[in-house]
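Asks: One structure, pasted below without further comment.
The values are calculated or read from the model by the stated rules, or taken from the named source; none is laboratory data. Only a predicted model underlies this, so the values are computations on that prediction, with no experimental measurement involved. Using ideal geometry, Cβ is built from the backbone for each residue, glycine included, and neighbour counts are taken over all protein chains shown. Ligands, DNA and RNA are stripped out before the accessible areas are found, and what is left, the full protein with its side chains, is counted by its heavy atoms. Shrake-Rupley method; radii C 1.70, N 1.55, O 1.52, S 1.80 Å.
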Amino acid sequence: GNSVTQMEGPVTLSEEAFLTINCTYTATGYPSLFWYVQYPGEGLQLLLKATKADDKGSNKGFEATYRKETTSFHLEKGSVQVSDSAVYFCALPSSGSARQLTFGSGTQLTVLP
Amino acid sequence: EAGVAQSPRYKIIEKRQSVAFWCNPISGHATLYWYQQILGQGPKLLIQFQNNGVVDDSQLPKDRFSAERLKGVDSTLKIQPAKLEDSAVYLCASSLSSGLHEQYFGPGTRLTVT
């Protein structure tokens, strides 16, 4: 079935550093891909998505490009802020279901001032 | 627009006790999900409702977990009896009845079983 593999954390960066969180997927066809973010004490929020190959999703300075050649959807941000400290989850639709998601294990990001 | 509401936010119980969680989805969202999120892992789907019907409960441990959504709006998830390994955050999410997959999550209930 569909699955995602995320870069293991935790990741600790200084403010204004460049961020990359790796995500690779295994899927039948070319499903939509998602990044969700979970701030401390909160539920998950959709950060960005891409619905087809070569699409770039972007939001709040974060970007991810759907690359079918490498089956990847890496999350990037050019200059992180302390407020970006959170857990980031890569996700895709579950096999055989149009409305279920399979999540990666999450990557904890801590940004230091 | 009000988000997904969950209560309680925190619960501590002893093993073999029972516990119930409540979720109120975003108004108009027909699809409701319950997830279990163990520390350090991604959310794992327990059950999915479409209105008041169950779409998928294949990963729900039915010997101890139950869930209902009687009027197609609010939902409750119950654990009876609880085990130590049930310690987790229980997340509720909702979405419109479409294929867009965008789910809106509540803040979760953190359950500790001692």
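Asks: Condition (residue is in a loop (DSSP other than H, G, I, E, B), within 8 Å of chain B (Cβ to nearest Cβ) and either within 12 Å of the chain's Cα centre (by Cα) or in contact (Cβ under 8 Å) with a residue 40 or more places away in the chain (or both)) applied to the range A:78-98: is it met by at least one residue? Don't jump to the end; show me each part of the working.
Replies: So in the range A:78-98, the residues in a loop (DSSP other than H, G, I, E, B) come out as A:78-81, A:85, A:94-98.
Those left that are additionally within 8 Å of chain B (Cβ to nearest Cβ): A:94, A:97-98.
From what is left, the residues that are either within 12 Å of the chain's Cα centre (by Cα) or in contact (Cβ under 8 Å) with a residue 40 or more places away in the chain (or both) are A:94.
Yes, because at least one residue in the range A:78-98 is in a loop (DSSP other than H, G, I, E, B), within 8 Å of chain B (Cβ to nearest Cβ) and either within 12 Å of the chain's Cα centre (by Cα) or in contact (Cβ under 8 Å) with a residue 40 or more places away in the chain (or both).
Asks: What single numbered condition from (1) more than 15 Å from A:P10 (Cβ to Cβ); (2) more than 13 Å from chain B (Cβ to nearest Cβ); (3) surrounded by fewer than 21 Cβ atoms within 10 Å (Cβ to Cβ) fails to hold for A:T110?
Replies: Against the list (1) more than 15 Å from A:P10 (Cβ to Cβ); (2) more than 13 Å from chain B (Cβ to nearest Cβ); (3) surrounded by fewer than 21 Cβ atoms within 10 Å (Cβ to Cβ), A:T110 comes up short only on (1).
Asks: For the range B:1-25, enumerate the residues that are touching a strand residue (DSSP E or B) at 6+ places or on another chain (Cβ under 7 Å), among the aliphatic types (A, V, I, L, M) and open to solvent by 20 Å² or more (accessible area, probe 1.4 Å).
Replies: Within the range B:1-25, B:A5, B:I12, B:A20 qualify.
Asks: Among B:G28, B:G40, which is the only one that is open to solvent by 40 Å² or more (accessible area, probe 1.4 Å), closer than 23 Å to A:Q45 by Cα and within 14 Å of chain A (Cβ to nearest Cβ)?
Replies: On the way: B:G28 fails: within 14 Å of chain A (Cβ to nearest Cβ).
Testing whether each residue is open to solvent by 40 Å² or more (accessible area, probe 1.4 Å), closer than 23 Å to A:Q45 by Cα and within 14 Å of chain A (Cβ to nearest Cβ) leaves just B:G40.
Asks: Quick one: in the range A:26-77, of everything that is within 14 Å of chain B (Cβ to nearest Cβ), assigned to a strand (DSSP E or B) and open to solvent by 40 Å² or more (accessible area, probe 1.4 Å), which residue is farthest from A:A91 (Cα to Cα)?
Replies: A:N59
Asks: If you don't mind, another one. What residue, among those in the range B:73-95 that are surrounded by 15 or more Cβ atoms within 10 Å (Cβ to Cβ) and farther than 21 Å from A:E42 by Cα, is farthest from the other protein chains (Cβ to nearest Cβ)?
Replies: Out of the qualifying residues, it is B:P81.
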